[in-house]
Amino acid sequence: MKENRSAANELFTKLSPKADKAEIATLENHPLKNRSFSPERLWNWLRKSLMSLMI
């Protein structure tokens, strides 16, 4: 379990900056960029959900 959790944390750590850059580029001039369920919130929810499944 610890190995899976560690691998998942490493994956999210590596992907987060790329996902943030992609979000900024995608939403730069988009009229819906201030929606309440932003990609960042979705990413964080997904991460928490996956982590809770590994317990």
Response to the item:
Between the Cα axis of helix 2-27 and the main Cα principal axis of the chain, the angle (0 to 90°, nearest 10) is 10 degrees
Worksheet item: For a label point 7 angstrom out from the Cα of Met54 toward its Cβ, which stretches of the stretch 3-25 have the backbone nitrogen within less than 18 Å?
Response: 3-19
Worksheet item: For the chain, which whole-number percentage of the solvent-accessible area (1.4 Å probe, protein heavy atoms only) is attributable to carbon and sulfur atoms?
Response: 59 percent
Worksheet, complete the sentence: Hydrodynamic radius by Kirkwood for the chain, inverse mean 1/r across distinct Cα pairs, in Å, is 12.4 Å
Fill in: Per residue accessible area in Å² of the chain, where ligands, DNA and RNA are left out and the probe is 1.4 Å
88 Å²
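The values are calculated or read from the model by the stated rules, or taken from the named source; none is laboratory data. This is a predicted model, so every value here is computed, not measured. Positions of Cβ are backbone-derived with ideal geometry, glycine not excepted, and every protein chain shown enters the neighbour counts. Each accessible area value is taken on the protein alone, full model and side chains, heavy atoms only, with ligands, DNA and RNA left out. Shrake-Rupley method; radii C 1.70, N 1.55, O 1.52, S 1.80 Å.
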